[in-house]
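Following: one structure in structure tokens, then a few remarks.
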Amino acid sequence: MPGNSEPMLSVTVNDHPRDFPVDPRSTLVDALRGRLGLTGTKKGCDRGECGACTVLVDGRRVLSCMTLALAVHGKEITTIEGLASDDGTLHPVQQSFLDKDAFQCGFCTPGQVMSAVACIAEGHATSTDEIKEWMSGNLCRCAAYVQIVEAVSEAAAEVEPPIR
Ligand code: FES
Ligand code: FES
């Protein structure tokens, strides 16, 4: 479909307003990666099963492979690229993942981190069992689950909950 016949999508991505045409059939993950070059968000299964594509929409985690780009018109999107401060200081969840060595290949990590940020903000990170339950939508082929739970737990102690 030619670009000039595509509808315009207006969103705020990582605190920056963005307006760009999208194919009405495009998913959010494809728009972020293909149109905006934000390739930190990963596409794993592309069918809502792995969590690698997790981003925040108005502060809530969503699977961007299961979300049409046009469905987030007017909303605020946060991706892994938007977590660190402008001076490069990592978000506490990012720092905890480093400190706890909570990854191996790293493919699932952006989705894990975004989900963890929301999990903590939701107030769903008050115990190991709760973290396991509320992070269960994010799969890790390298099975770094023990370290991931430790990282979320450590970050939860530093981050202000909850948003609900
Ligand atoms: S790529 Fe979206 S859930 Fe797997
Ligand atoms: S670190 Fe490799 S898939 Fe999770």
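Once the mean 1/r over all distinct Cα pairs of the range 92-156 is inverted, what Kirkwood radius in angstroms do you read off?
Averaging 1/r across every pair of different Cα atoms and inverting gives 11.1 Å.
When the Kirkwood radius is taken over all Cα pairs of the range 1-64, what Stokes-Einstein diffusion coefficient follows at 4 °C and 1.567 mPa s, in µm²/s?
Details: Rh = 12.5 Å.
My calculation gives 104 µm²/s for D.
Whose amide H sits under 5 Å from the amide H of LEU9, counting only residues 5 or more places off or on another chain, with H placed in the peptide plane?
Long-range HN contacts for LEU9: PHE20, VAL22.
For a quick check: sort HIS91, HIS73 by the number of other beta carbons within 10 angstrom, fewest at the front.
Numbers: HIS91 19, HIS73 13.
Ascending Cβ contact count within 10 Å gives the list HIS73, HIS91.
Rounded to the nearest 500, what is the 222 nm mean residue ellipticity of the chain from helices alone, with -39500 (n - 2.57) per DSSP H run of 4+ residues and division by all residues? Don't jump to the answer; show the numbers that get you there.
Values: 4 runs with 40 residues, N = 164.
Result for the chain, helices only: -7000 deg cm²/dmol.
Taking just the alpha-carbon atoms of the chain, what radius of gyration and Dmax come out, in angstrom?
For the chain, the Cα-based Rg and Dmax read 15.7, 51 Å.
Using the count of nearby Cβ atoms within 10 Å as a rough guide to exposure, how do SER96, SER5 rank from fewest to most?
Ranking SER96, SER5 by Cβ neighbours within 10 Å, fewest first, gives SER5, SER96.
Answer with one residue from GLY82, GLY106, THR12: the one whose Cα lies farthest towards the positive end of the charge dipole of the range 1-146, charges on Cβ with Lys, Arg +1 and Asp, Glu -1.
GLY106
Would you mind finding the longest exposed-site-free stretch of the chain, with exposed GluC sites (Glu not before Pro) meaning DSSP loop and at most 15 other Cβ atoms within 10 Å? The partial results should precede the final answer.
Numbers: sites that count: GLU49, GLU158.
It works out to 50-157.
Taking amide hydrogens as modeled 1.01 Å from N in the peptide plane, which residues meet the under 5 Å criterion relative to THR27, leaving out close sequence neighbours?
So THR27 has HN proximity to ALA69.
In what order do LEU32, LEU139, LEU98 fall by count of nearby beta-carbon atoms within 10 Å, going from fewest to most?
LEU98, LEU139, LEU32
Roughly speaking, what is the stretch gain from ALA71 to CYS105, that is 0.36 nm per residue apart minus the C-alpha to C-alpha distance, in nm to one decimal?
Going from the current span to full extension adds 9.1 nm.
Read-outs: derived from the displayed coordinates by stated rules, not from any lab. Predicted model, so just to flag it, every value in this text is computed and none were measured. Positions of Cβ are generated from backbone atoms using ideal geometry, with glycine treated the same way; all protein chains shown enter the neighbour counts.
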